[in-house]
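Colleague: Before I ask anything, let me first share the structure, which is written out below as structure tokens.
The values are calculated or read from the model by the stated rules, or taken from the named source; none is laboratory data. As the structure is a computational prediction, the values presented were derived from the model and not from experiment. Positions of Cβ are generated from backbone atoms using ideal geometry, with glycine treated the same way; all protein chains shown enter the neighbour counts.
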Amino acid sequence: MIKPETILIVEDDDIARENLGYILSKAGYDITTVATGAKALSLLEDREFDLVLTDLKMAQVSGMQVLAKTRELYPYTEVIMITGYATVDSAVDAMRQGAYHYIPKPYKVDLVRKVVSEALLKRQLYFENQELKKSLAECQIDRPQLIGNSRVMRSVIKLLEQTAPSESNVLIIGETGTGKELAARTIHKLSARRDHPFVAFNCGAFTEELLSNELFGHEKDAFTGATAQKAGLIETADRGTVFLDEIGDMPLNMQVKLLRVIEEKEVLRVGATQPIPVDARFVAATARDLNRDSEANRFRRDLYYRLNVITIPLPPLADRTEDLPLLVNHFFVRKSRQAGKEIKSIDPEAMEILCQYSWPGNVRELENVIERAVVMARDSVIRRHDLPDDFLNLSVQTFRHSDHEAPVSLEQQEAKYIRWVLDQTGWNKTKAAQILRIDRVSLWRKINRYKLEG
């Protein structure tokens, strides 16, 4: 539950103090009131407030002294001055000393609410900006964060690096959990738009009405409940990147509207009569075959062409098992840090079990498995019993050359073993290549070389 913002009210007039406290309490703030500047200074020594409202003219300790003490102890706590002695000189002096605003008595309730809200928003935006700078510093990279050293992943990373500086729209295709949003964020981070918004939106998570409202926004009174104007996500991504995940699930009527936005570079809010210019790059992602969907009239072909200027295919984890140790190491380091644990390694037996699994959920499933293993680990090493029960119950098959058979060459032994693995997997070449620790192209070559047939 989010804690309410804290406000200190310093007012020597009992009625004014009580009224201010009541008004701001009703607005949802956590209010503390004191009658003298001296009490305010004592309270400020013990704790920080998000905002201070103080009377300017008070006996012994003035509002200007409260302002000075607040700025000294808490530079990012805003102070609003309230006084019945409204003069230009006192207002200017208070602003020079760091007051956020100056409100004369008798004050208007709506004005007080407005100024308080704006002062708190200023403080909030400052801390959000600091957090963003920290995150950007931690995530600053010169190359994509997609992890992998396999041939297929080196190709993907190279394609991302070539694509990012352009302004072309991109279509990322791949199974669920292969890292499509991470690839989209990488494109944005390596592009000239990196300092502007990256807006991600799942097209399969909303009804058509909500899709239109979220993507394009609306005008005030455009429909029942539209009490204020709202900018859509595409509009907020101006000069940045819009990532449309699960684009294949977008209704056809919405596809028409999106196509117009891409072609005309402008959005029309719901209820509006004038379009708004917008400069955004579109990156879409899907696990579906949009070409086939367009042929079956399930997806607009013109939109498909607009989005599919550059295609980036992401491979399933089963097709790049050589990257598994890198990914496992990356995840257990990150997850152990998040869990406040010091995991230093993974036991070879546990790693072997992970390497034998087919990973239908791809990298996302691997991340979840490692997170669980980190939580379950009893010491600094992830062991076999830290993995999910499903992994421990995988059946084990063995291949052995009979002692009664005549010795064979190494190539004959390899051919026999490859056939055995293929038979065990029902000639599923992806699974067979995973077990053999080779890529599918190498497996295909060996099948042809040894003239193996299913």
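Colleague: Among what's in the stretch 8-49 and is in a strand (DSSP E or B) and in contact with a helix residue (DSSP H, G or I) (Cβ under 6 Å, 6 or more places away or on another chain), pick the residue that is surrounded by the most Cβ atoms within 10 Å (Cβ to Cβ).
Modeller: First pass over the stretch 8-49, keeping only residues in a strand (DSSP E or B): 8-10, 30-34.
Next cut, in contact with a helix residue (DSSP H, G or I) (Cβ under 6 Å, 6 or more places away or on another chain) only: 9-10, 31, 33-34.
Working: 9: 26, 10: 30, 31: 20, 33: 19, 34: 20.
The extreme case among them is 10.
Colleague: Further question: What number goes with the only condition from (1) surrounded by 16 or more Cβ atoms within 10 Å (Cβ to Cβ); (2) at pLDDT below 85; (3) of a type outside the set (Asp, Glu) that residue 137 does not pass?
Modeller: (1)
Colleague: Here is a follow-up. Within the stretch 229-296, considering only helices (runs of 4 or more DSSP H) that don't extend past its boundaries, which have at least 3 residues that are under 23 Å from the mean Cα position of the chain (by Cα) and crowded, with 18+ Cβ neighbours inside 10 Å? Break it down stepwise before answering.
Modeller: On the way: elements: 233-236, 252-264, 290-295.
In the stretch 229-296, 233-236 are the helices (runs of 4 or more DSSP H) which contain 3 or more residues that are under 23 Å from the mean Cα position of the chain (by Cα) and crowded, with 18+ Cβ neighbours inside 10 Å.
Colleague: State yes or no: is residue 318 small (Gly, Ala, Ser), closer than 26 Å to residue 387 by Cα and not in a loop (DSSP other than H, G, I, E, B)? Talk me through it step by step, then tell me what you get.
Modeller: Details: small (Gly, Ala, Ser): yes; closer than 26 Å to residue 387 by Cα: yes; not in a loop (DSSP other than H, G, I, E, B): yes.
For residue 318, the condition - small (Gly, Ala, Ser), closer than 26 Å to residue 387 by Cα and not in a loop (DSSP other than H, G, I, E, B) - is met.
Colleague: Taking interchain pairs and intrachain pairs at least six residues apart, which have beta carbon atoms under 7 angstrom, with the first residue in the stretch 243-270 and without any contact (Cβ under 8 Å) to a residue 24 or more places away in the chain and the second of a type in the set (D, E, K, R) and part of a loop (DSSP other than H, G, I, E, B)?
Modeller: If the second residue must be of a type in the set (D, E, K, R) and part of a loop (DSSP other than H, G, I, E, B), the pairs left are 265/279.
Colleague: Can you confirm whether residue 236 is under 17 Å from residue 197 (Cα atoms), touching a strand residue (DSSP E or B) at 6+ places or on another chain (Cβ under 7 Å), among the polar types (S, T, N, Q) and at pLDDT below 95?
Modeller: On the way: under 17 Å from residue 197 (Cα atoms): yes; touching a strand residue (DSSP E or B) at 6+ places or on another chain (Cβ under 7 Å): yes; among the polar types (S, T, N, Q): yes; at pLDDT below 95: yes.
The answer is yes for residue 236.
Colleague: How many residues does the stretch 191-228 contain that are within 30 Å of residue 159 (Cβ to Cβ) and assigned to a loop (DSSP other than H, G, I, E, B)?
Modeller: 10
Colleague: Report the residue count in the stretch 212-233 for those that are over 21 Å from residue 170 (Cα atoms), at pLDDT 85 or above and of a type outside the set (Gly, Ala, Ser).
Modeller: Result for the stretch 212-233: 7.
Colleague: Quickly run through the stretch 411-443 and pick out the residues that are in contact (Cβ under 8 Å) with a residue 24 or more places away in the chain, farther than 25 Å from residue 150 by Cα and not in a helix (DSSP H, G or I).
Modeller: none
Colleague: From the set of residues in the stretch 329-386 that are surrounded by 20 or more Cβ atoms within 10 Å (Cβ to Cβ) and in a strand (DSSP E or B), which is modelled with the highest pLDDT?
Modeller: Across the stretch 329-386, the extreme among qualifying residues is 382.
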